[in-house]
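The values are calculated or read from the model by the stated rules, or taken from the named source; none is laboratory data. None of these values were measured; they are calculated from a predicted model. No Cβ is skipped: glycine too gets one built from the backbone with ideal geometry, and neighbour counts run over all protein chains shown.
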Amino acid sequence: MPIAVAPPATTASTKTSGKYVRWGLLGIVALAGILLGLLAANWPFTRQAIIERLEQVSSTRVEIRGFQKTFFPYPGCIAEEVTFRSIASANGPKAQDPVITIRRLTIESTFFGLLSKPGRIKSIVADPWQGSAWSAQDSTQILQI
């Protein structure tokens, strides 16, 4: 004769703990969404921000032909055909030939570095323009922190 086995009785504590787990996971997802929103709103690697920073540190006028933001594995950007031109004075000649042109400028940070003040840069790599005074083997890592 078959014996019937009754399913285990569900207790109120099991339902309550499951509810807390769901609310905890929902809170973590909401917090991650808020952090990603803040990071996106204050993203330091925009085309205009990079141009302004390069102009400030080089005292030249900077032009970038191509620009791409990167997020993984490292946050940063890739700027292509970066041209540095001398700034024309009010009574002098117009801007002359480029001081230097970089084929590709790659800037990388870390997510922890983005949250620190001032923001930390992991590396900046400049690949020279072909046919420039640099050789193709001079693709140089300028800065690594």
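Quickly run through segment 46-75 and pick out the residues that are part of a loop (DSSP other than H, G, I, E, B) and either under 19 Å from the mean Cα position of the chain (by Cα) or closer than 16 Å to Ile102 by Cα (or both). Give the derivation first.
Taking segment 46-75 first, the residues part of a loop (DSSP other than H, G, I, E, B) are 46, 59-60, 71-75.
If the condition is that a residue be part of a loop (DSSP other than H, G, I, E, B) and either under 19 Å from the mean Cα position of the chain (by Cα) or closer than 16 Å to Ile102 by Cα (or both), then Thr46, Thr60, Phe71, Phe72, Pro73, Tyr74, Pro75 are the ones that fit.
So which of Trp23, Trp43 ends up being under 43 Å from the mean Cα position of the chain (by Cα), among the hydrophobic types (A, V, I, L, M, F, W, C) and at pLDDT 90 or above? Before the answer, list the steps.
Details: Trp43 fails: at pLDDT 90 or above.
Being under 43 Å from the mean Cα position of the chain (by Cα), among the hydrophobic types (A, V, I, L, M, F, W, C) and at pLDDT 90 or above holds for just one of Trp23, Trp43, which is Trp23.
Can Ile34 be described as modelled with pLDDT of 85 or more and within 31 Å of the chain's Cα centre (by Cα)? Criteria met by Ile34. Taking every residue in segment 113-128 that is at positive phi and pairing it with any residue that is in a strand (DSSP E or B), at least 6 positions away or on another chain, yields no pair with a Cβ-Cβ distance below 8 Å.
Test Pro73 against the stated conditions and say whether it is at pLDDT 85 or above and in the same structural domain as Ala126 (by TED's automatic domain parsing). Before the answer, list the steps.
Details: at pLDDT 85 or above: yes; in the same structural domain as Ala126 (by TED's automatic domain parsing): yes.
Taking the combined requirement at face value, the residue satisfies it.
For residues that are in a loop (DSSP other than H, G, I, E, B) and closer than 22 Å to Trp129 by Cα, scanning just segment 76-99, find the one that is modelled with the highest pLDDT. First the steps, then the outcome.
In the first step, residues of segment 76-99 are kept if they are in a loop (DSSP other than H, G, I, E, B); the result is 86-97.
Still in the running and closer than 22 Å to Trp129 by Cα: 86-87, 95-97.
Details: Ser86: 87, Ile87: 82, Ala95: 58, Gln96: 72, Asp97: 77.
Only one residue tops the list, namely Ser86.
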